1. Looking at (1) touching a His at 6+ places or on another chain (Cβ under 8 Å); (2) away from the ligand (no atom under 16 Å from the Cβ), which is the one condition that is false for residue 484?
2. Filter the stretch 384-396 for residues that are free of Cβ contacts under 8 Å to residues at least 60 places away in the same chain and either open to solvent by less than 10 Å² (accessible area, probe 1.4 Å) or in contact with a Phe, Trp or Tyr (Cβ under 6 Å, 6 or more places away or on another chain) (or both) and give the result.
3. Does the stretch 434-442 contain any residue that is within 12 Å of the ligand (Cβ to nearest atom), at positive phi and either touching a residue at least 24 places away in the same chain (Cβ under 8 Å) or open to solvent by 20 Å² or more (accessible area, probe 1.4 Å) (or both)?
4. Find the strands (runs of 3 or more DSSP E) located wholly in the stretch 122-226 whose residues include 2 or more that are within 30 Å of residue 70 (Cα to Cα), and list them.
5. Filter the stretch 490-544 down to the residues that are over 25 Å from residue 450 (Cα atoms) and of a type in the set (Ser, Thr, Tyr) and list them by number.
6. With open to solvent by 30 Å² or more (accessible area, probe 1.4 Å) and under 30 Å from residue 37 (Cα atoms) as the only criterion, which of 312, 291, 242 stands out?
7. Take the residues in the stretch 316-336 that are under 22 Å from residue 494 (Cα atoms) and away from the ligand (no atom under 12 Å from the Cβ); name whichever of them is modelled with the lowest pLDDT.
8. Looking only at residues in the stretch 443-452 that are more than 10 Å from the ligand (Cβ to nearest atom) and either open to solvent by 50 Å² or more (accessible area, probe 1.4 Å) or in the same structural domain as residue 355 (by TED's automatic domain parsing) (or both), which one is farthest from residue 390 (Cα to Cα)?
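The values are calculated or read from the model by the stated rules, or taken from the named source; none is laboratory data. Worth saying up front: this structure is predicted, and the values here are computed from it rather than measured. So basically every Cβ, Gly included, is an ideal-geometry build from the backbone, and we count neighbours across all protein chains shown. Heads up: the accessible areas ignore ligands, DNA and RNA and are worked out on the full protein's heavy atoms, side chains in. Shrake-Rupley method; radii C 1.70, N 1.55, O 1.52, S 1.80 Å.
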Amino acid sequence: MGNQKIIGALPGEHNLQDYDKACREFSFEMLAREFYGNAGKINIVHRVIDHNIERGRGDRMALYYDADDRQASYTFNELNEQVNRFANVLDKYGLQKGDRLAIFLPRSPELYISFLGAAKKGVIVVPMFEAFMKDAVRERLLSSGAQALVTNAELLSRVPRQELPDLRAVLITQGAGDAQTLDWYSEVAGASPRTEFCWVNREDPLFILYAAGADGRPKGLVHVHDMMLGLWATAAWVHDLKEDDVYWCTADPGWITGIAYGFWAPWLHGVPVLVKGGRFDAEQWCRALEKYRVSVWYSAPTAFRMIIAAGKEVYGRYDLGRLRHILSVGEPLTDDVMQWSLETLGVPIYDTWWMSETGMNMICNLRCLNIKMGSIGRPVPGIQAAVVDDEGNELPPYRIGNLAVRAGWPAMARDVWGNREKYEEYFRLKPWFISGDAAYMDEDGYFYFQGRVDGVINTAGERVGPWEVEEKLREHPAVQDAGVAGKPDKIRGEIIKAYVVLQPGYEWSHALGEELRNFVKTGLAAHAAPREFAVKESIPKTPDGKVDRKVLRGWVLELGK
Ligand code: 6R9
């Protein structure tokens, strides 16, 4: 097969053995020639479904879904049929290439079917995390101008439909909608199981993912079909996916990890994925690892720590012997977690560093390299990373600076929806993409993550923009001004700490703290709610009137004050 040829340049089938050789010889354009040949037009859905069916894998499992009240599974053939039906529903309601379909659902088969169905028709998906409340939902639907939405009856109450002039069709997957909504199941059942592809260009949008920045509204990162090249390569080299694997990426598809590696990357290799419904539960997660014989598991340090904290009497009861290895993302992988995995599970955890903006794993502890504890690893072949100063000059080993990547890899976000200027800020130090993270490199080219530079908060691996939380707090009658920062936390990596200036006439009390916490929880999202508060006389500002995040960072680190 075509692919083998490329990978032939990298000895040993499609897994990577000679890192230096691969770095010298591999380029994503080589991979593009293998993948796309002379085809002018492409579609990622063709690669994840039709290509697998053509290779004789149509009756192999694509998706296992497991929740308390529902278990389901789909082969690639079955998935194809559902995807086609849903694609036809979009046709029926007049959605065309370049239109936007928002998906606001808990993890469920309908979410994945809707995502692929839209992509097959060139319709751009706007995924929204199920924990978002009204303000966050309004923001994303208004900004993207979504014409259609898939949601359920419960979440529908958070969708301010009367404020959304572009929204024409709302499909409900569960519970009763109203006279203005459509029933997802009857629409899908009534549609034809066959449909035509909308062939697109490599650079055509696939989805818009809203990601928090430090200041200002969340940015609608535009990802394109070409990302499949980067996902395919990293699934092979970083995750080492093999045809007989069962893969479980625990991230929700409201976040980049749950999209890129939740389904696209494994399906590009024809590998079945497990999707677990419901909330985190240490015991249930261990049971799922055993029950589905998961062989490659992609999760986050917070989850590992919670499982460790649940104790051996929980994880020790399950046979996790199918695990070949584990991968980690989203926050620093600490030594204790790695030790636990090696000693109790007998497998290493490979750290992967990347971002919503990069669309794919960038700097990783690749299987063919020695792991240096505390390091996020080295750039995957085809990627050039560096540590640069504020003028874009590369820094020598051990100097801390901006973690940067040379622009131009296939999974890179191509735009910020409706805000080209914001997008260009990432590339202000040409030729570098500036990540917003600080890092240093050692003399062997291993990178060491040193935290965010810009004040973006990372709580339990979830990315929260302080600006959005501050705006919400300022809406409360008791709050005159607010500044929010991440405070280091043993389990969650960081928790959200809010400094507030009270309006005259208000006094601080525990009850007011609870009220403010709830105000953010119900307006924005539970994970964005501050866990700690402190009252201040004023909030430090920069000359251009923004919250001075450096000062706040100093406040937060003075523990106990
Ligand atoms: C994929 C994802 C991105 C931010 C990133 C960094 C942090 C990601 C990490 C890590 C330490 C790792 N981050 N991977 N920190 N070690 N291996 O998480 O995307 O939600 O956009 O967050 O997460 O600070 O800048 P996203």
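1. Among (1) touching a His at 6+ places or on another chain (Cβ under 8 Å); (2) away from the ligand (no atom under 16 Å from the Cβ), residue 484 violates only (1).
2. Within the stretch 384-396, 386, 388, 392 qualify.
3. Yes, that holds for at least one residue.
4. Of the strands (runs of 3 or more DSSP E) lying wholly inside the stretch 122-226, those with at least 2 residues that are within 30 Å of residue 70 (Cα to Cα) span 124-128, 148-151, 169-172, 205-211.
5. Hits for the stretch 490-544 are 506, 509, 522, 538.
6. 242
7. Taking the candidates together, the pick is 335.
8. Per the criteria, the residue is 444.
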